[in-house]
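The values are calculated or read from the model by the stated rules, or taken from the named source; none is laboratory data. Note that the structure is predicted; figures quoted are calculated from it, not measured. Virtual Cβ from ideal backbone geometry, glycine too; neighbours counted across all protein chains shown. Accessible surface areas use protein heavy atoms only, side chains included; no ligands, DNA or RNA. Shrake-Rupley method; radii C 1.70, N 1.55, O 1.52, S 1.80 Å.
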Amino acid sequence: MISKATRAEWFKVVRRPSTWVTIGLLLALSIGLEYIVVYLVATHPPRGAGVAGATLANLRVDLYPASLVKKTLTNVAGLYGIFALIIGVMVQGSEYSWGTVKTAHIQLPGRITILGGQLIALGLLVLVMSAGLFAVDAAAAFVLAAIDSQTITWPSAQDLVKGAAATWLILYFLAVFGFGLATAFRGSAAAIGLGLAYALVIENLVFGLLTNLGDTFKQIQEWFPIANAGYLQLSFGAVRAAAASGAGRPPVDGTHAATVLALWLIAIAVISAGLVRTRDVT
């Protein structure tokens, strides 16, 4: 039954133009912001920039294939994650906006089966996003290395698999977070607003203030999702621009970060299932 629900949900999400517009914008932003813009700035530093100009020129090293994994992961927990959150909201929020949730919940195979199909289809869609990110970044890195006549050196297969898995986990958590908010608020607008506020501001702002009060709050932060998304991202290393801005070694390792993210993901899925199962949709 889950497989039939998954096929049905996949049929719906892949035929929504908004799905591919969102993914297309993500991939275009990845190439444009992280590669083209950085390359242009690094190769054409302002006149009289001096040391700053030399620093900008050094940034081009991270544009080559050897740095593909950490370069791709640079904004996954932040800017790129917004697109995953929006996708998650759309998968569930549109059902409430269009009123189709009422029809779906009175039909077989049942509410929880439908929700399971939605979450699996969402996971597959995030897999497409993650693979697309690595594919376009790899193509951009290859082209720029060829333009600069650099030796093409790729990360090891193990690093690529780990990086792709981390990218998927971060993006899938944010997508399920958006899905859960859309379930709780029965729509898209409030879910997107609150989701963006939490992912970009609330957790960072609150702990940015509280961690000044002592190590206890730093230890508490190590169990919150957005912090661990950033920790998992940084566990693969920081590109030169991020390192120069103060991004260093995360306080926890990648295993801890991945485990916490997985636990939050499961918790949100369980809460969503509880809401779907018990609420009246009429």
Close pairs from the range 145-159: first in a loop (DSSP other than H, G, I, E, B), partner open to solvent by less than 100 Å² (accessible area, probe 1.4 Å) and among the charged types (D, E, K, R), Cβ under 8 Å, at least 6 apart: 148/60
Within the range 136-176, work out how many residues are more than 11 Å from the chain's Cα centre (by Cα) and within 22 Å of residue 255 (Cα to Cα). 11
Do we have any residue at all in the range 242-252 that's under 30 Å from residue 64 (Cβ atoms), among the polar types (S, T, N, Q), out of contact with any Leu (no Cβ under 7 Å at 6 or more places or on another chain) and modelled with pLDDT under 90? yes
Can you go through 77, 84 and tell me which one is open to solvent by less than 30 Å² (accessible area, probe 1.4 Å), under 30 Å from residue 181 (Cα atoms), modelled with pLDDT of 85 or more and not in a helix (DSSP H, G or I)? 77
Scanning the range 204-241 for residues that are outside any loop (DSSP other than H, G, I, E, B) and of a type in the set (Gly, Ala, Ser) gives 208, 227, 229, 230, 241
Which condition number does residue 120 fail, the rest of (1) closer than 30 Å to residue 218 by Cα; (2) surrounded by fewer than 21 Cβ atoms within 10 Å (Cβ to Cβ); (3) touching a helix residue (DSSP H, G or I) at 6+ places or on another chain (Cβ under 8 Å) being met? (1)
Return yes or no: is residue 201 loosely packed, with under 15 Cβ neighbours inside 10 Å and part of a helix (DSSP H, G or I)? yes
Is the range 142-153 home to any residue that is farther than 18 Å from residue 236 by Cβ, modelled with pLDDT under 95 and touching a Ser or Thr at 6+ places or on another chain (Cβ under 6 Å)? no
Filtering the range 94-135 down to residues that are of a type in the set (Gly, Ala, Ser) and at pLDDT below 90, which residue is nearest to the chain's Cα centre (by Cα)? 94
From (1) within 29 Å of residue 67 (Cα to Cα); (2) surrounded by fewer than 18 Cβ atoms within 10 Å (Cβ to Cβ), pick out the condition that doesn't hold for residue 167. (2)
Flag for residue 271 being loosely packed, with under 14 Cβ neighbours inside 10 Å, more than 19 Å from the chain's Cα centre (by Cα) and at pLDDT 85 or above: yes
Residue count, the range 1-34, condition surrounded by 15 or more Cβ atoms within 10 Å (Cβ to Cβ) and of a type in the set (Lys, Arg), comes to 1
